[in-house]
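What follows is one structure encoded as structure tokens, with my remarks underneath.
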Amino acid sequence: MLTKLKSRSSGLLLTLLLAAAAALLNSLVPGDVIGTSILALVLGMLCHPLMKRLPQAASGVHFASTTVLKLGIVLMGISLSFSQVLTVGRYALLLMLCTLTTAFGGGYLLGRLFKVNWKLSSLLSASTAICGGTAVATLGPVIEAEDTHIAYAISATFLFDLLTVILFPWIGRLLGLTDMSYGLWVGTAVNDTSSVVAAGYGFSDAAGSFAVIVKLTRTLFIVPIVLAFSFTHARRKLRRAEEAKSAEVSIASIFPWFVLLFLLMVALKSTGLLPQQAAAGMAVLSKLFMLMALAAIGLKTSFQEVKGVGWKPMALGVAIDTSVVFVALGMQALLQRLF
């Protein structure tokens, strides 16, 4: 045990330093426009050439990109609560269901049209539908996505979010949206939480507050999505094993069990029994683990590899994001007439 810890120490320390650097840099950027997730990933990718000179760090970096990432996902459950759903009402939930259907349904159909790997297509859909880079980092290990695909999906999310932060307040005023309408639109159509905050408060304080509430509730949908993809991926693996006539396997042996620990954390937070201080500490630890993992994924991925994925996934990501933006706005107008 001590031997393993020692062999991983240099790599873990490197990812920890990159995570701290990402947090520091993010604090220096006005409005939290970039976000710590993308900064941790980019810093890791910038340091990728160092890995050839630091072979002793490889074990720790791999551990951070796999086990530490899963620990971060498990602890992330403590920041979610089923009671959040009650704060936004039936109207907002219906709108969220429409955008979720658009993101995953459109992502599946367009992914097949563009002939994009289903795992990358799913990551792009999850990013748009739920919570940007966090959703990508959470779903990635569940479906055993490649590090390159995770890095690509997070990068695509950042580029689109950057545009939304700049354009959405201007478009909202041009359309004459109210604070509530604009906040609902931003909360359901913008990907990353930091971008929702920036775009929402860029319109007004009231719109920003409403956008954040809607966004946090939308984040909760990661629970059923992760569970659904866990079973889907396990069944795919089982079918491939049967087709290859390999040794007998079962869903129980290939199911990502850390997902159940994640669900347990969500349930624990929902009971309200966990002290607020303990929940806050675990949420901070979760963010740290996620940043370390994203830095590790960056260290294992070069910019050239991400570029090599091609233009089709980027076109797919833009198509999914754009369709959700229009559906969120159009369905809001329709639901206002119905209710």
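Read the figures in this text as sums done on the coordinates, not as results from a lab. Values in this document were obtained by computation on a predicted structure and should not be read as measured data. Neighbour counts are summed over all protein chains in view; Cβ atoms, including those assigned to glycine, are modelled from backbone coordinates with ideal geometry.
Annotation for W257 and E144: the two label points, set 7 Å from Cα along the Cα-Cβ direction, are 1.7 nm apart. Reported to the nearest whole Å, the Cα centre-to-centre distance from the stretch 199-230 to the stretch 7-65 is 27. Local charge for E144 was computed over the other residues whose Cβ lies under 14 Å away, with Lys and Arg +1 and Asp and Glu -1, and equals +4.
Exposed loop sites are taken as trypsin sites (Lys or Arg not before Pro) in a DSSP loop (any state but H, G, I, E or B) with at most 13 other beta carbon atoms within 10 Å; the longest stretch of the chain without one runs 116-244. Each of Y201, Y152 has some number of other Cβ atoms within 10 Å of its Cβ, and from fewest to most they run Y201, Y152.
In terms of the Cα gyration tensor, with a ≥ b ≥ c the square roots of its eigenvalues, is the stretch 259-339 rounded because a/c is under 1.5, prolate because a/b exceeds b/c, or oblate? Oblate is the answer for the stretch 259-339, as a/c is 1.5 or above yet b/c matches or exceeds a/b.
Rounded to the nearest 10 degrees, the angle from helix 2-28 to the longest Cα principal axis of the chain is 30 degrees.
Once you order the gyration tensor axes a ≥ b ≥ c over the Cα atoms, which shape class does the stretch 1-80 get: rounded for a/c under 1.5, otherwise prolate or oblate by comparing a/b with b/c? Verdict is oblate for the stretch 1-80.
Normalised by the number of residues in the chain, the mean separation of alpha-carbon contacts (under 8 Å, six or more apart) gives a relative contact order of 34 percent. Angle of helix 179-189 to the longest C-alpha principal axis of the chain, folded into 0 to 90 degrees and rounded to 10: 30°. Quick check: the angle from helix 276-299's long axis to the longest principal axis of the chain, C-alpha only, nearest 10 degrees? For 276-299 against the chain, the angle is about 70 degrees.
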